[in-house]
Amino acid sequence: MQSVVRELSKKKTIGLVPTMGFLHDGHVSLIQKALKHSDIVITTIFVNPAQFAPNEDLDRYPRDEKGDIEKIKSAGGKIVFIPKASDIYPDNYQTYVEVGDLSQTLEGASRPSHFKGVTTIVAKLFNITRPDVVVFGLKDYQQAMVLKKMTHDLNYPIKFIIAPTVREKDGLAMSSRNKYFSPKQRPESLALYFALKTAKEMVKSDIKDTSQIKKEMKAVIQATCPTAQIDYIAFTDFNSLDPVKKIVKNTICSLAVRIHAVRLIDNMKLL
Ligand code: AMP
């Protein structure tokens, strides 16, 4: 990959879209976005063991290499990089990249060491593919902010683009993990979107107190999925991730909820 890129970059600008595979239209939108900002796009598929805790779904994470390659091709992607775990983390691997405070809250608090795995793999992918442009999804909002910080702090000369969340027709944010739901469970997965929409509507009608909004969101979640387990509902400043008590400009609401043992995340800018 490094020698391919060395030749390529003499004539073309390179876009990078890192993924864990089992691609959906959200991933496709990132490839299309990357193509608008670069000459050739490298899509990577790697289910990164370093970002999964031992109790998480590494072993059953859905995979479909053939289908993924078809989707990448039809999106206009020309290069796919699918390393093996042993290529990325050979025996006696010892080096990790970590971002400070930004990676400690929300997802970082619920999934310790998750972001350390994410920043390490993305730094490695940057070094392997030497992109001019990289595109990440707002769906994983905190991940995007942590990676943006890493890109800046480590002086990677890479244009960093965050692309909007692509949703199913009914509002569910597309995710490879949606495959885990049975048809009977699937409607309950809308709990997160319904809660976010409720928050947005409350803010529109001038309710700015986050504890009041949170209470209502919890009720919506329980009504949509009575067995849901809320991991967190957080209101933060979009850039700093600092908690916000009263909704002000640039407040984003993020949440993580377990729906029938599937941990989903979603977010929405409220103002
Ligand atoms: P993943 O394969 O889930 O690790 O995601 C790879 C990239 O796709 C990340 O930058 C995600 O934020 C992005 N992504 C995942 N779901 C969506 C979505 N529904 N809309 C837009 N981007 C997404």
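Remarks
- In Å², nearest 10: area of Glu7 left accessible to a 1.4 Å probe: 110 Å²
- 25 Å Cα-Cα threshold exceeded, pairs from Lys84/Lys269; Lys218/Lys269; Lys36/Lys71; Lys139/Lys245: Lys84/Lys269
- Using the Cα coordinates of the chain, the gyration tensor eigenvalues translate into equivalent-ellipsoid semi-axes of 32, 20, 18 Å, sorted from longest to shortest.
- Ranked by solvent-accessible area (1.4 Å probe, protein heavy atoms only, all chains present), the residues Lys124, Lys215 order from largest to smallest as Lys215, Lys124.
- Separation of alpha-carbon centers, the range 23-41 and the range 206-232, rounded to whole Å: 34 Å
- Per residue, the solvent-accessible area of the range 2-163 (1.4 Å probe, heavy atoms of protein chains only, all protein chains present) comes to 50 Å².
- Label zone at Phe238 (point 7 Å along Cα-to-Cβ), backbone N below 14 Å, the range 137-159: 138-139, 141-142, 145
- Shown are Asp266, Asp170, whose ranking by accessible area with a 1.4 Å probe and every protein chain present, most to least, is Asp170, Asp266.
- Percent of beta bridges antiparallel (DSSP, the chain, rounded to nearest 5): 55 percent
- Distribution of pairwise C-alpha distances over the range 61-165, 5 Å bins, in %: 2, 10, 18, 20, 23, 16, 8, 2
- Extending 7 Å from the Cα toward the beta-carbon at both Asn127 and Phe160 defines two label points whose distance is 1.9 nm.
- Taking Ile207, Ile14, Ile233 in turn, the Gaussian network model of the chain (Cα-Cα springs below 10 Å) assigns the largest fluctuation to Ile207.
- Efficiency of FRET between Ala53 and Ser182 - r from beta-carbon atoms, R0 30 angstrom, step 0.05: 0.75
- Taking 12 Å as the cut-off, no amide N atom of the range 74-109 comes nearer than this to a point 7 Å along the Cα-to-beta-carbon line of Lys245.
- Compared with the dominant principal axis of the Cα atoms in the chain, helix 65-75 is inclined by about 90°.
- For Val248, the solvent-accessible surface computed with a 1.4 Å probe is close to 80 Å², ligands and nucleic acids excluded.
- Relative to its Kirkwood radius, the Cα radius of gyration of the range 117-189 gives an Rg/Rh of 1.10.
- Debye log10 I(q)/I(0) for the range 1-130, one point scatterer per Cα, at q = 0.09 Å⁻¹: -0.28
- Accessible surface for the range 180-269, divided over its residues, is 50 Å² per residue with a 1.4 Å probe.
- According to the Kirkwood relation over distinct C-alpha pairs, the hydrodynamic radius of the range 180-271 is 13.2 Å.
- For Lys124, the aspartates and glutamates whose Cα comes closer than 20 Å to its Cα, not counting residues fewer than 8 places off in the same chain, are Glu7, Asp87, Asp91, Glu98, Asp132, Asp140, Asp153.
- The H on the amide N of Leu270, modeled in the peptide plane, is under 5 Å from the matching H of Thr251, Ile252, Cys253, each at least 5 residues off or on a different chain.
The values are calculated or read from the model by the stated rules, or taken from the named source; none is laboratory data. This structure is a prediction, so every number in the text was calculated from the model and none was measured. We place every Cβ from the backbone using ideal geometry, glycine too, and count neighbours over all the protein chains shown. Calculation scope for accessible area: heavy atoms of the full protein, side chains included, ligands and nucleic acids excluded. Shrake-Rupley method; radii C 1.70, N 1.55, O 1.52, S 1.80 Å.
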